[in-house]
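Colleague: Dumping the structure here so I can ask a few things about it.
What follows draws every value from the coordinates through simple rules; no lab data is involved. Everything numeric in this text was worked out from a predicted model, so none of it was measured. Here Cβ is always computed from backbone atoms with ideal geometry, including for glycine, and neighbour counts include all displayed protein chains.
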Amino acid sequence: MRIRILPIIVGAACISLTLKTIDVLVHQSISGAAFSGALVSSLRAETPPSDTPAPAAEKKDEKDLKNGKEKKEGEATDNATAPQPIKPESMTAVERELLQSLTKRREELREWERTISLRENVLKISEQKIGEQTQELETLRQKVEELLKEYKGKEDDKIRSLVKIYENMKPKEAAVIFDEINMDILLQIIGQMKEKNAAPILAKMNPDRARAITEELAHRKEILSKAQKGKLP
C-alpha cells in the first residue's frame, strides 16, 4: 500500500498554522487587556479625586431629607400641643363675665401704675426744688451772717471810739451824758471801759441810774459765764 505524504504534510501545516493563529490571538487579547487596564489606571491617576464621594452625597441628601421631615413633624406636634386662643362664642356666660372682670381689673391696675409713676415724678421734681431752695437759703444765711459780722465789726469800732472819748473826759461831764444816753449803748460803752475809768463816772451819775447799770452789768456777766460753762437752759 502506498502512503501519501503530501496530504499529511498539508494537514500538519494547517494544524501548525491554526495553533500559531490561536497563539497570536491569545497574545493580542492579553496585550489588549493589559493595555486597557493601563489606560484606565492612567485616566484615574489624571482625574482629580472628588471632594465628596457620590455615596456620601447620597447619604447627606437622605439625612437632610430625614431631618426636614423630623422638623416638620416637630412643628406639627408643637402646633398641635400649643394652647389655642379661646373664641368668645365658645365661652359660657360665666366665663365671659369672668374675662370681662379680669380685663377691667387689669386696666385698673395699669391706671394705678400710671398714677403711682406720675406721683413719683412729682415727688422727684418737688425734692429737686426743695434741694434748690435749701441751697438758696443756705447761701442767703451765709450772706446775712457776713453782713451781721461786718455790721458788728463797725459797731464795735464805734463803741471803742466812744469809749476812748468818754475815758478822756472828766468824770462829771461824762456822768451827765451817761444819765441821758440809751441804756443798751451805755452798757456797751461801760462794758468796754476800764474799771478805773468807769468807777468815777458812775459815782457822779444819778444814783438810781448808776444802780440799774450796775445790776444789768452783773446780770450780763452771769449769763456770759453760764454760756461759757454750758449751763444755760
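Colleague: What is the percent of Cα-Cα separations in segment 169-227 that go past 18 Å?
Modeller: It works out to 28 percent of all Cα pairs.
Colleague: Which of the trypsin sites (Lys or Arg not before Pro) found in segment 167-233 are in a DSSP loop and have at most 13 neighbouring Cβ atoms, other than their own, within 10 Å?
Modeller: K194, K231
Colleague: In terms of the ratio Rg/(2.2 N^0.38 Å) built on C-alpha atoms, what value belongs to segment 93-153?
Modeller: So segment 93-153 has a normalised radius of gyration of 2.49.
Colleague: Mind putting a number on the dipole of segment 118-160 about its Cα centre? Charges go on the C-beta only, +1 for Lys and Arg and -1 for Asp and Glu, and I need it in Debye to the nearest 20.
Modeller: Its charge dipole is roughly 100 debye.
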